[in-house]
Amino acid sequence: MPPEGSTDDIHLTVTIVVTEDDGNSLTVNKDVIIHIEPKIDATDYSLSSRGVEDQNVVVNWRPDADQGYTDNNEEITAITFSMAQSAIDAGYTLTVSGESTPLASVVEKPY
């Protein structure tokens with residue numbers, strides 16, 4: 001079993017010894033690699049936030065233990081917010097760490 005939180009593959013060298021009835025034997029060394037797949041503990045979750053007109057709204061987006069986010073070895077590396085085109089057209093802005101940017105539509109291009 002790998003150490004907790006590890007997704008490193010396990011590399012083993014296996015030595016196989018085959019012996020015949022007459023005493024002849026053959027020894028073979030083989031490398032075995034066990035690929036460890038990551039298990040993401042956080043699951044789909046739903047959070048909500050409330051705001052007041054003409055004031056900044058803090059968006060409650062970070063999952064916690066109630067949403068299954070319990071593994072300290074995992075980190076959130078991306079986040080996507082989706083909202084109605086009418087909100088984008090109205091001129092809402094998103095502020096992260098003191099830097100504001102207007103919201104814009106993103107068009108996904110098929111590959």
> Is one or more of the residues making up segment 29-46 touching a residue at least 12 places away in the same chain (Cβ under 8 Å) and farther than 30 Å from ILE10 by Cβ?
Replying inline: yes
> Hey, among VAL58, VAL14, which residue is at pLDDT 80 or above, within 30 Å of THR93 (Cα to Cα) and aliphatic (A, V, I, L, M)?
Replying inline: VAL58
> If a residue has to be without any contact (Cβ under 8 Å) to a residue 24 or more places away in the chain and either polar (S, T, N, Q) or under 30 Å from ASN73 (Cβ atoms) (or both) to count, how many in segment 8-28 make the cut?
Replying inline: 9
> Across segment 72-84, which residue is modelled with the lowest pLDDT among those that are loosely packed, with under 10 Cβ neighbours inside 10 Å and farther than 22 Å from ASP54 by Cβ?
Replying inline: ASN72
> What are the residue pairs meeting all of these: first residue in segment 70-94, first residue closer than 17 Å to THR7 by Cβ, second residue among the charged types (D, E, K, R) and exposed (fewer than 10 other Cβ atoms within 10 Å of the Cβ), Cβ atoms under 9 Å, and 6 or more apart or on different chains?
Replying inline: ASP71/GLU4; ASP71/LYS39; ASN73/GLU4
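The values are calculated or read from the model by the stated rules, or taken from the named source; none is laboratory data. Given the structure is predicted, the values throughout are model-derived calculations rather than measurements. FYI the Cβ positions are ideal-geometry reconstructions off the backbone, even for glycines, and counts take in every protein chain you see.
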